[in-house]
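The values are calculated or read from the model by the stated rules, or taken from the named source; none is laboratory data. Here the structure is a predicted model, which means the values were calculated and not measured. Every residue, glycine among them, receives a Cβ derived from its backbone with ideal geometry; neighbour counts consider all protein chains shown. Heads up: the accessible areas ignore ligands, DNA and RNA and are worked out on the full protein's heavy atoms, side chains in. Shrake-Rupley method; radii C 1.70, N 1.55, O 1.52, S 1.80 Å.
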Amino acid sequence: MEYGTDTTRAITDVCYSGYAAQFPNIKWIWSHGGGSMPFLAGRISGGPNNKKAEMPNGMMAELRKMYYDLAGAANPGVVASLRQLVTADKILFGTDFPPGGHVLEQAEAIRELKMFNEAELKMVERDNAVKLIPRLKNT
């Protein structure tokens, strides 16, 4: 349970501290679908009215610039919440291999959700990672 909670705390800290806005060129990639952040984003973002200096565009704008992987998060609840927070170009394939199962099992689990069309699956499965880390293109 703490993996998701710790991830949510870390994302909140990056936003509330002002680091997300202060360092706009950092490509933040959060594991496990962002923990519980996609589900709680509206609630958490409603509190920082006194954080305009740290988040001039608001917390939701910062969250929507970030990337989220699907390691251990290929289930309908997580993906539905994540899809409401960000578009498919911000979602990455991820796996907790070896303890979290095999890569193929994770890829099949993501496809079986039927929450991405074929173009989006291509982005999630590879293209988004290549965009972030161009040296992966030839692997």
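Summary of values
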item	result
Residues of region 48-88 classified as without any contact (Cβ under 8 Å) to a residue 40 or more places away in the chain, open to solvent by 40 Å² or more (accessible area, probe 1.4 Å) and either part of a loop (DSSP other than H, G, I, E, B) or acidic (Asp, Glu) (or both), total	10
Qualifying positions in region 83-139 - closer than 17 Å to LYS65 by Cβ and among the charged types (D, E, K, R)	ARG83, ASP89, LYS90, LYS131
ILE11 being open to solvent by 40 Å² or more (accessible area, probe 1.4 Å) and either in contact with a His (Cβ under 7 Å, 6 or more places away or on another chain) or of a type in the set (Val, Ile, Thr) (or both)	no
Region 30-47: number of residues that are open to solvent by 80 Å² or more (accessible area, probe 1.4 Å) and among the hydrophobic types (A, V, I, L, M, F, W, C)	1
In region 89-99, the residues that are loosely packed, with under 15 Cβ neighbours inside 10 Å and either assigned to a strand (DSSP E or B) or not acidic (Asp, Glu) (or both)	PHE97, PRO98, PRO99
From ASN128, ASN75, ASN138, residue being over 26 Å from ASN25 (Cβ atoms) and not acidic (Asp, Glu)	ASN75
Of all residues making up region 19-29, the number that are assigned to a strand (DSSP E or B) and open to solvent by less than 30 Å² (accessible area, probe 1.4 Å)	0
